[in-house]
Amino acid sequence: MELDEPTSYEWDWLRVLDELRDSPAIDVLNEAREGIDLLAEDSAFDDLAEWEGIEIGTEPRSAYIRFSQLGSQWRTVAPYPALAGEFRLTPLPLAVHEESPEFPSSLYSDEQRELATGFRVIDSSPFTGTGSFVALRLQPGVGNPEVWFSDHRTNTLWQMDLDYRQYVDTLRLTKGVFDWQHLFTEAPLDDVEFPGTAADLQVMLEVLPTVFAHHDYAPLHTQLAERLR
């Protein structure tokens, strides 16, 4: 296989874009579908270990894409309930060498800003411009990095109960529905800071299994039930 040809895993991600674009229930507003970036390769992890003393384990390295940009911004159309989402994946070998995102001192505590120095953004929503994103937290001695969700509404950082491989696998199911990440955080969904989040997650799990019936959403139904207990 040529280096600039997609792997079977990358074809799976291209099919995610196709599923959205081909569905009569979905209006794709914007799409990012760019070519293979040949700099997105395993040697980037070796450089990270040599330069910063951070070694990424085999599990995260088994599930990254190499497209320079891959993502979609979409919404449902009538008669389906209103639902919208966006994702934009950054190739993991490139993300680990990016700078950490900035957190204004007026909005975030010193503790949060210190925590975020290890953040490297892996998923964001630039078309919508929500300001929320998902990042890995790089730390020496941690081969399977933590995954964190930065929620712009509350200016709060939430650790997710998923690792990188689990995150991207779940993203393929949710298609980037806004705030799906809170299925796997400890955010208090009954709090006034999260108006409508629980209802939106319920709508997500009503609509997506209907639109994408060939996928198994049962684990997400179970997760939502646990979060609403």
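Descriptive notes on the structure:
- Residue match in segment 184-191 (condition: in contact (Cβ under 8 Å) with a residue 60 or more places away in the chain, touching a strand residue (DSSP E or B) at 6+ places or on another chain (Cβ under 9 Å) and not aromatic (Phe, Trp, Tyr)): no
Here is a yes/no grid of residues against (1) out of contact with any helix residue (DSSP H, G or I) (no Cβ under 6 Å at 6 or more places or on another chain); (2) over 20 Å from Val168 (Cα atoms):
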site	(1), (2)
Glu102	yes, yes
Glu111	yes, yes
Phe119	yes, no
Phe127	yes, no
Phe133	yes, no
Leu138	no, no
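- Residue count for segment 102-124, restricted to those that are open to solvent by 30 Å² or more (accessible area, probe 1.4 Å), among the small types (Gly, Ala, Ser) and assigned to a helix (DSSP H, G or I): 0.
- In segment 22-38, of all residues being touching a residue at least 12 places away in the same chain (Cβ under 8 Å) and closer than 19 Å to Leu173 by Cβ, the one that is nearest to the chain's Cα centre (by Cα) corresponds to Glu31.
- A residue that is in contact (Cβ under 8 Å) with a residue 40 or more places away in the chain and closer than 25 Å to Gln73 by Cβ cannot be found anywhere in segment 137-146.
- With respect to the conditions (1) without any contact (Cβ under 8 Å) to a residue 40 or more places away in the chain; (2) within 30 Å of Glu114 (Cβ to Cβ); (3) acidic (Asp, Glu), Glu226 lacks only one, and its number is (2).
- For Ala78, the stated conditions hold: it is outside any strand (DSSP E or B), among the small types (Gly, Ala, Ser), at pLDDT 95 or above and under 30 Å from Val211 (Cα atoms).
- Taking first residues from segment 39-50 that are touching a residue at least 40 places away in the same chain (Cβ under 8 Å) and partners that are charged (D, E, K, R), the Cβ contacts under 9 Å between residues at least 6 apart in sequence or on separate chains come to Leu39/Arg66; Ala40/Arg66; Glu41/Arg66; Asp42/Arg61; Phe45/Glu55; Phe45/Arg61; Leu48/Glu55.
Okay, residues lined up against (1) buried (at least 21 other Cβ atoms within 10 Å of the Cβ); (2) closer than 30 Å to Glu52 by Cβ:
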| residue | (1), (2) |
| --- | --- |
| Pro126 | no, yes |
| Gly141 | no, yes |
| Glu146 | no, yes |
| Met160 | no, yes |
| Lys175 | yes, no |
| Asp191 | no, no |
| Thr197 | yes, no |
| Val207 | no, no |
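- Filtered residue count, segment 81-101, keeping only those that are out of contact with any strand residue (DSSP E or B) (no Cβ under 6 Å at 6 or more places or on another chain) and crowded, with 17+ Cβ neighbours inside 10 Å: 4
- Applying the condition of being more than 17 Å from Gly118 (Cα to Cα) and part of a loop (DSSP other than H, G, I, E, B) to segment 35-59 and asking which residue is most open to solvent (accessible area, probe 1.4 Å) yields Leu39.
The values are calculated or read from the model by the stated rules, or taken from the named source; none is laboratory data. Keep in mind it's a predicted model, so treat the numbers as computed, not measured. Neighbour counts are summed over all protein chains in view; Cβ atoms, including those assigned to glycine, are modelled from backbone coordinates with ideal geometry. Accessible surface areas use protein heavy atoms only, side chains included; no ligands, DNA or RNA. Shrake-Rupley method; radii C 1.70, N 1.55, O 1.52, S 1.80 Å.
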